[in-house]
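Have a look at the structure below before the remarks.
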Amino acid sequence: MALVARDLSAQVRLDRQLVRSEKLAMVGSLAAGLAHEIGTPLNVISATAEFLLPDAGEEARAQLRGIVAETERISRLVRDLLTFARATSPGKTAVALPGAVARVLSLLRITLERRRVRVETRLPDDLPELHADPDGLHQILLNLVVNASQAVAEGGRVVVAARAVEEDGERSVQLEVHDDGPGVPPALRERVLDPFFTTRAEGTGLGLAVVARIVADHGGDLRVGTGPLGGASFTVQLPAEEVR
């Protein structure tokens, strides 16, 4: 009975992943064209506003700064759209997860320190290498850590952990990113992976969708739940490099 339940659960996850991949492909095609059309005029608007700033009066400067801030917000959306729409044919190679995690945390150091977010890593020394696209893995880690750091309160806690898994003779690495934020309600755990769905006013709703797409391109698995810290937990399972 337990084996049947596990098989059904795996099939449900596979079906959901297939539906999500089809949605991502459709939105990705639209996103590529939209990002191209928006990007060029947006750069012109931002550059013009910055050019006018030094000679503007106090009231005009405030308005111009608002223009620059809003164009930067839209630029972030455009960058996310381009990442989301990028053709997916990852060049996979052996990648050491601890090194990839260290690079992402170094990149985010100032942002994390500004909000006093503590990030703890639990990565065993004997963790096998991943069979993955290095850029794709970087994007997965970056988006998940940023998402977790934005979910917690100032001074909050984030844990990045991993372990080796072997099922039916297949080796993989299970990566977990969990936090002590408010968590994701069960009713929203599938929707948070959909493109453009967000619960934050400043969010684009693409960060987790990009993660879902990259994981699917690697033949991996992505699950959302509640972690040991009481907040959200994102679990990514990716193939390990074959031992030769």
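Just so you know, all these numbers are worked out from the coordinates, no wet-lab data involved. Model, not experiment: these values are computed from the prediction. Cβ: placed from backbone, ideal geometry, glycine included. Neighbour counts: every protein chain shown.
In terms of modelled amide H atoms, which long-range or inter-chain residues lie less than 5 Å from the amide H of Gly183?
Correct list: Ala232.
If amide H atoms are built 1.01 Å from N in the plane of the peptide, which residues on other chains or at least 5 residues away come under 5 Å of the amide H of Thr121?
For Thr121, whose amide H was placed from the backbone, the distant partners under 5 Å are Val160.
Take each of the peptides 223-231, 50-58, 169-177, average the number of other beta-carbon atoms within 10 Å over its residues, and list them starting from the highest.
169-177, 223-231, 50-58
Where the Cα atoms of region 93-239 are projected onto their three principal axes, how long is each span, largest first, in whole Å?
Principal extents (largest minus smallest coordinate, Cα): 42, 30, 27 Å.
Distance between the C-alpha centers of region 205-234 and region 97-167? Whole Å please.
About 13 Å separates the Cα centre of region 205-234 from the one of region 97-167.
Tell me, what ³J(HN,Hα) does each residue in region 91-102 have, in order and in whole Hz, if you take phi through Karplus 6.51 cos²θ - 1.76 cosθ + 1.60 with θ = phi - 60° and put x for Gly and Pro?
Each residue of region 91-102 in turn: x, 8, 8, 6, 10, 7, 5, x, x, 5, 5, 4 Hz.
Among Phe234, Gln174, His218, whose Cα lies farthest out toward the positive end of the dipole of region 166-244, if unit charges sit on the beta carbon of Lys, Arg (+1) and Asp, Glu (-1)?
Phe234
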